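Report on the following structure.
The values are calculated or read from the model by the stated rules, or taken from the named source; none is laboratory data. Note that the structure is a prediction, hence the values are computed from the model and not measured. Note: ideal-geometry Cβ built from the backbone for every residue, glycine included; neighbour counts use all protein chains shown. Side chains included, ligands, DNA and RNA excluded: accessible areas come from the protein's heavy atoms. Shrake-Rupley method; radii C 1.70, N 1.55, O 1.52, S 1.80 Å.
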Amino acid sequence: MNSRLQRVLPHSTKRLRRAVNLLLLAATTASIAAHAQDSWQIDPKHSIATLSFGSGPNQLQIGLARVSGEVVFESSDPGDPIVTLKIVGDPREADYASMSFSSKRSAIRADGKLTVTDDLSVTRVERSVTMELNEAYAGPQYGEPVARTTTRQITFIFSDPRQAPQTGAMQFSGSSTVIREDFPDLLDAIALDDWPSQLINDEQCENPSVIGEDYHGPECTGTVIASVSNAVVPRGNPGAEDFSGFEPTVSPDRNKATIALDLKLTPMSASSVAFK
């Protein structure tokens, strides 16, 4: 080999290695970006769980909760997403509940709907509470929390996700109906009176300057994004002596409970997916 060729080869090899490294970097970046497009965060400010007794048209809504988590659609198998959910009640209450779910398996049904199955963990938190209504009142005082968690397997059925063309967000809706025999602690948790009847964004609350015997809680402002909605009829004749308020038109089967999810999904960035 002549000396000129010997001088050229090392430079050619270096340029080849540099080109290969650039190609590998580009391929890795593209792969991350592709997975990022398939990974969606559940927006807790606009994602709602509605908790009800009964099923189908005979449901009585008990309360609402915010939902957080993420949904990952695998590019190799979009019909087998990984769904991670966290449903939390109102921690300002003395007693409240939370639920967590992370899917193990999914399948597309013949009607095109997606079934997602895994263990749902329900945590009940109970605290003692004291209230001293005086000029220095700053809210209820809670004792140490006592938590108890129970886990059972359930299945959510989701419709096809709908993507909003302007924002790039997706709506992903689903539900699960559970009978008491299969998961009694879930139905007991839903039966709590402390689930919010409204979900409010940017809520600001403050106590009145003077607190007296007629105190009924802090005064709050904000934007209502969801409310419990049940059809009702009057008990007795409105305006008459026998009128005692309103009652729901539905008498649900309280041995069944339904969790209905209305989720807003927003794309996750490549960096949050690659390095989380």
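Order the following by accessible area, largest value first: 152, 180. Probe radius 1.4 Å; ligands, DNA and RNA are ignored. The partial results should precede the final answer.
Values: 152 100, 180 70 Å².
Ranked from most to least accessible, the order is 152, 180.
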(message) Just to be sure I understand the model, the point goes 7 Å from the Cα along the line to the Cβ. What's the resulting residue 207 to residue 160 distance in nm?
(response) 5.4 nm
(request) Pop a pseudo-label 7 angstrom from the Cα along the beta-carbon direction at both residue 198 and residue 220 and give the gap in nm to one decimal. (result) 0.8 nm
(message) Solvent-accessible area of residue 86, probe 1.4 Å, all protein chains present, reported in Å² to the nearest ten, please.
(response) 90 Å²
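Rounded, prolate or oblate: which fits segment 35-86, taking a ≥ b ≥ c as square roots of the Cα gyration tensor eigenvalues, rounded meaning a/c under 1.5, else prolate when a/b beats b/c?
Details: a/c = 4.23, a/b = 1.96, b/c = 2.16.
Judged from the Cα gyration tensor, segment 35-86 comes out oblate (a/c at least 1.5, b/c at or above a/b).
Calculate, for residue 94 and residue 180, the FRET efficiency according to 1/(1 + (r/R0)^6) with r their C-beta to C-beta distance and R0 30 Å; round to the nearest 0.05.
Values: r = 25 Å, r/R0 = 0.82.
So the FRET efficiency works out to roughly 0.75.
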